[in-house]
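Below is one structure; the comments refer to it alone.
Every number in this text was worked out from the coordinates using simple rules, so none of it is lab data. Please read all numbers here as calculations on a predicted model, not as lab measurements. Cβ: placed from backbone, ideal geometry, glycine included. Neighbour counts: every protein chain shown.
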Amino acid sequence: MHTFPPGVTSIKKALPTGGWSYEFRHVSLGELGRVEVIGTEDNHSRANFFVLPGDADDPVWQERFTTMHRISDIISEALGTGSTPLPDLKTAMAEMRLYTQFINAPTSIEMEHLATTLSEAEYTSLLSAIKTALVSATQHDAISIQQRLHDLQHFRSAREQNHAKARQKS
């Protein structure tokens, strides 16, 4: 039998689109995240894991992530899917820092700076974090995130066009 770390509780809720959401809390750390189990067309199940967003440099968020990672390991093992789909802590922290910069960019100038200074790997990581955030965002927050994403992509596209023009001139 698989047991979760001490102090962890879960609540099972039906998803509006079918399937189940298991929301995890810890007695001292608070909300940790959730697992959504959804049926697939070929009569299998798919589990999606979500960790509550937060400040990557906050030791409490790091402990929440580590605890949720342990939970995802236990569930993945029980389902026979192999290793957890969650990244390691270092990768998750880097992704969360990028997402925080994205969400906290107060002006289009700062969003442009972010878009034009990200490496390809950082940009890909940020897009992954945005995709994850959109899954669990409220409708209002999702609209805001999508608007910011549009701005980010616009500035990123403009940067790439400028680089292409510069290569053509040389």
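Taking all Cα pairs closer than 8 Å and separated by 6 or more residues, the relative contact order of the chain comes to 14 percent. Ranking of E122, E36 by neighbouring Cβ atoms within 10 Å, starting from the fewest: E122, E36.
Note on S128 and K169: with the Förster distance fixed at 22 Å, the Cβ-Cβ geometry gives a FRET efficiency of about 0.05. Once the chain from A158 to A137 is taken as fully extended at 0.36 nm per residue, the excess over their C-alpha distance is 4.8 nm. The average projected area of the chain, computed from the convex hull of its Cα atoms over all directions, is 12.9 nm². Distance between the modelled labels on T107 and S45, one decimal in nanometres: 5.1 nm (7 Å Cα→Cβ projection).
Working from Cα pairs under 8 Å separated by at least six residues, relative contact order for segment 1-86 is 22 percent.
When only alpha carbons are used to place a centre, segment 24-40 and segment 58-102 end up 12 Å from one another.
Helices that extend 20 Å or more along their long axis by alpha-carbon positions and average at least 0.5 on the Kyte-Doolittle scale are, among the DSSP H runs of the chain, 120-136. For the chain, a Gaussian network of Cα nodes joined below 10 Å ranks H44, H69, H150 by mean-square fluctuation, and the top entry is H44. Between V60 and T9, the contour length at 0.36 nm per residue exceeds the Cα-Cα span by 16.6 nm.
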